[in-house]
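Scroll down for the structure; my scribbles are underneath it.
The values are calculated or read from the model by the stated rules, or taken from the named source; none is laboratory data. All of these numbers come straight from a predicted model, not from anything done at the bench. A quick note on method: Cβ atoms are made from the backbone with ideal geometry, for glycine too, and the neighbour counts reach across all protein chains shown. The accessibility values were calculated without ligands, DNA or RNA, using every heavy atom of the protein model including side chains. Shrake-Rupley method; radii C 1.70, N 1.55, O 1.52, S 1.80 Å.
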Amino acid sequence: VQARLGYACEQPKLYADHSVDAFLPFMGGLRGLRGARLREAIGRSVERMGLESVRRRRIGVLSKGFRQRVALAQALLHDPPLLVVDEPTVGLDPAQQIELRRIISSLRASHTVLLCTHQLHEAEAFCDRVALLDRGRLAAIATAEEIRAGAGLEALFLARVGRAAKAETET
């Protein structure tokens with residue numbers, strides 16, 4: 001599973017004292033990448049994430065937007081078919097939000113991207129389909145437009161009523 005999955009979270013755990021050029025080889029090594037394959041993967045990730053200008057800088061001095069890009073770069077090193085991205089633009093300034101959305105959208109050509117967010121406008125920016133979860137259970141699947149128009153919300157409401165009614169009859 002680990003070989004097929006890349007993950008970048010909202011608050012990435014990065015080594016602040018490492019440069020980007022030190023961190024990515026370390027993470028690639030943990031993924032089993034070595035030699036030319038590792039160098040190619042790092043080059044590809046750095047280019048895709050637009051990290052060329054900060055490669056030699058310590059991660060701890062980078063803006064949150066660049067730290068998010070480093071987190072995405074490490075998640076992509078082993079070229080996983082599935083990329084899970086959790087709240088990637090939270091806390092970023094508008095310009096960085098736009099750039100990170102552009103980067104993540106470009107990844108859809110070569111990866112399945114699963115975006116986890118509480119923001120419908122964020123889902124609209126990235127997603128073809130939206131799944132609504134209620135207490136960890138699938139409540140509805142629809143387009144963001146359908147959800148905004150109210151479709152799917154009825155299913156969410158019925159799922160809650162159904163569980164509540166069932167719980168009452170069991171007690």
Pseudo-spin-label distance residue 36 to residue 116, built 7 Å along Cα→Cβ, given in nm, is 3.8
Can you give the accessible area per residue of segment 26-163, in Å², using a 1.4 Å probe? 55
Segment 12-61-segment 83-142 distance, computed between alpha-carbon centres (Å): 23
Extension gain, residue 21 back to residue 131 (0.36 nm per residue minus Cα-Cα distance, nm): 35.9 nm
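With all pairs of different alpha carbon atoms counted, what Kirkwood hydrodynamic radius in Å does segment 1-119 show? Don't skip to the answer; put the middle values down first.
Values: mean 1/r = 0.0705 Å⁻¹.
The answer is 14.2 Å.
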Can you pull the accessible area of residue 79 for me, 1.4 Å probe, Å² to the nearest 10? 80
Heavy atoms only, probe 1.4 Å: what % of the accessible area of the chain goes to carbon and sulfur, would you let me know? 54
Rounded to the nearest 20 debye, what is the charge dipole size of the chain about its Cα centre when +1 sits on each Lys and Arg Cβ and -1 on each Asp and Glu Cβ? 740
Local net charge near residue 96, Cβ-Cβ under 12 Å (Lys/Arg +1, Asp/Glu -1): +3
Dipole of segment 26-93, Cα-centred, from +1 at each Lys and Arg C-beta and -1 at each Asp and Glu C-beta, to the nearest 20 debye? 400
